[in-house]
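The values are calculated or read from the model by the stated rules, or taken from the named source; none is laboratory data. Worth saying up front: this structure is predicted, and the values here are computed from it rather than measured. Note that each Cβ is placed from the backbone with ideal geometry, even for glycine, and that neighbours are counted across all protein chains shown. These area figures cover heavy atoms from the full protein model, side chains too; ligands, DNA and RNA do not enter into them. Shrake-Rupley method; radii C 1.70, N 1.55, O 1.52, S 1.80 Å.
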Amino acid sequence: MAQKSVAVLDIRSTEVTVFVGERGVNDTFVFKASRTESYGGYEDGVFYKEEEGEKDGKISDAILRAISAVEQVCGERIRMLYVGVPGVFTKVVAKEQDIGFPKKRKIVQKDLDALVAAGTEQIKGFRYMRASSMIYVTNDKQRVIDPIGISTAGLTGCISYFYCSEYFCSTVEDALKGLKINVRYLPTQFAMATYLIPSETRDECALFLDAGSLASSLSIVLGNGIMAQESFGSGKVHVALLVMERLNVPYEVALTLLHRANLFAKQEEREEKLQILYRGEAYEFSPALLAEAVAEGLDGICEKAEEFLEGFDERELDCKPLFVSGEGLSDIRGAIEHISKRLNRLLEPVAPNLPYYNKPAMSSRVALLDMACEDNRKSGFFHRIFNGFGG
């Protein structure tokens, strides 16, 4: 196994994926092994089955199954695991930090490290993950993304600090107990936003929606950081539940019907009656009623987004497009257009620009692999030797 390979655990709201990969040529990635396992999901920052003590659907069991399968394919033990932390378990603290000098001089990396370190704090119930800069301002009011080499007598940094809930950390670490695997935590939505949205767009501020199955997260992105982030329990599953209720069909049928929905179908198409076969049984449905139920479910996501954005200056965000990714909306025809009309904002679907992985559902995996590879590269030659693959 090549020393530059990393092992990553991507935790989405209804499934986990463990994979081993490395950076390839021309900004591509090589996936050497991957395994996805379903589990019970989470709500309000708590994993369902883990708390209830049930045997089926526990995230700990799903993680262990995925790790075991990947290790068998690789023929080698995982020693270091990069774990993506979903938005509902992530706390983002944005703050300004200042540093001054007796006289004007060039900024070096140690200055930035000291500036960031001064803003790190202990937050009860959370564990520090990392920090990243949004923008820097010199004492002569010059705004820069990278101030290294600039001469100034003082510097102000707008910094994003990312924290992971102790509950999440303990759940993952308890699952890995006895495996002798070291863990590093990565903020998933931050990784996705910085990977999927071009840097020149982020420098002017951007909005990013990670639409999931049970939960979604909305972020205000600036430069290489996050100004603010909100996670809410609304996604593809909630839309399916509404379809189940309105059309009086089983949940599995409602989930399948999401692929048949078309929110902007022609009138004659909406009026006809259709059938769907599921496990040998036929279910009749009205495309018009299906579209109405799906639209109502999507409105739930819109309402949460509107509530979050109301707390910020409309003049700053009014003309900004909303970049969208994740598995929650990609299979529903017309979902992007409906949300765009409801929010009165341009929506831009984004996904990895890679063959086979160019799907919104793959965004978190590729983005976490990108961040893990970069962290691994920075960790140093000797660290990789002593930790084997994944380190």
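Sort 105-114, 356-365 by the packing proxy (mean of other Cβ within 10 Å over each peptide's residues), most packed first.
356-365, 105-114
In Å², and per residue, what accessible area does region 272-332 have when probed at 1.4 Å with the other protein chains present?
Spelled out: the 1.4 Å probe surface of region 272-332, per residue, equals 55 Å².
Kindly state, as a whole number, the per residue volume in cubic angstrom of the convex hull around the alpha carbon atoms of region 192-280.
So the per-residue Cα hull volume is 135 Å³.
How do 253-263, 232-242 rank on mean C-beta neighbours within 10 Å, highest first?
Ranking the peptides 253-263, 232-242 by packing returns 232-242, 253-263.
Net charge around Leu298, counting only other residues with Cβ within less than 13 Å of its Cβ (Lys, Arg = +1; Asp, Glu = -1)?
Surrounding charge for Leu298 is -2.
In Å and whole numbers, how far do the C-alpha atoms of region 131-281 stretch along each principal axis, longest first?
Between the extreme Cα coordinates on each principal axis of region 131-281 lie 73, 52, 19 Å.
Which percentage, to the nearest 5, of the DSSP beta bridges contained in the chain is antiparallel?
Of the beta bridges lying entirely in the chain, close to 80 percent run antiparallel.
Give me the percent relative contact order of region 53-192, please, defined on Cα pairs under 8 angstrom at least 6 residues apart.
Result for region 53-192 is 37 percent.
Please list 243-252, 139-148, 298-307 highest first by mean number of surrounding beta-carbon atoms within 10 Å per residue.
My ranking of the peptides, most packed first, is 298-307, 243-252, 139-148.
If R₀ is 41 angstrom, what is the calculated FRET efficiency for the pair Arg127 and Leu241, using the beta carbon separation as r and rounding to 0.05?
After rounding, the FRET efficiency stands at 0.80.
What does the charge count around Val93 come to, taking other residues whose C-beta lies under 15 Å from its C-beta (Lys +1, Arg +1, Asp -1, Glu -1)?
+2
Indicate the helices, whole DSSP H runs only, in the chain that combine a mean Kyte-Doolittle hydropathy of -0.5 or more with a Cα extent along their long axis of 15 angstrom or more.
Membrane-span-like by this criterion, though nothing is claimed about a membrane: 59-74, 236-247, 287-309.
With all protein chains present, how much of the accessible area of region 75-127 (probe radius 1.4 Å) comes from carbon and sulfur, to the nearest whole percent?
Taking all protein chains in place, region 75-127 shows 51 percent carbon and sulfur surface.
Taking a virtual spin label 7 Å from the Cα of Tyr167 along the C-beta vector, which residues in region 69-89 bring their backbone nitrogen under 12 Å of it?
88-89
What residues qualify as long-range amide H neighbours of Ala153, i.e. H under 5 Å apart, gap of 5 or more or another chain, H built at 1.01 Å from N?
Answer set, sorted by chain and number: Arg105, Asn139.
When the chain is fully extended, how far beyond the present Cα-Cα distance does Lys378 get from Glu252, taking 0.36 nm per residue of separation?
Taking Lys378 through Glu252 to full extension adds about 40.9 nm, to one decimal.
Place a point 7 Å from the Cα of Asp27 along the Cα-to-Cβ direction; which residues of region 335-357 have their backbone N under 19 Å from it?
348-357
In whole angstrom, note down how far apart the Cα centers of region 1-46 and region 326-354 are.
24 Å
Helix-only estimate, please: 222 nm mean residue ellipticity of the chain, summing -39500 (n - 2.57) across DSSP H runs of length 4 or more and dividing by its residues, to the nearest 500.
Taken over the chain, the calculation gives -10500 deg cm²/dmol.
Averaging sequence separations of C-alpha pairs under 8 Å and six or more residues apart, then dividing by the length of the chain, give the relative contact order as a whole percent.
19 percent
Using a Gaussian network for the chain with springs between C-alpha atoms less than 10 Å apart, which of these wobbles most: Glu337, Glu281, Glu310?
Comparing Glu337, Glu281, Glu310 in the GNM, the peak value goes to Glu281.
Using Cα-Cα distances under 8 Å and only pairs 6 or more residues apart, what relative contact order does region 23-129 have, in percent?
Relative contact order of region 23-129: 18 percent.
Would you report the distance distribution of C-alpha pairs in the chain as whole percents per 10 angstrom bin, up to the bin with the largest distance?
5, 21, 29, 26, 13, 5, 1, 0
Check Tyr42: other-chain or 5+ apart residues with amide H under 5 Å from its amide H, H built from backbone geometry?
Tyr48
Taking amide H positions as placed in the peptide plane 1.01 Å from N, state which residues far from Met227 in sequence (5 or more) or on other chains have amide H under 5 Å from it.
Under 5 Å from the amide H of Met227: Ile220, Val221, Leu222.
Could you tell me how far the Cα centroid of region 54-86 sits from the Cα centroid of region 181-196, in Å?
Answer, in whole Å: 17.
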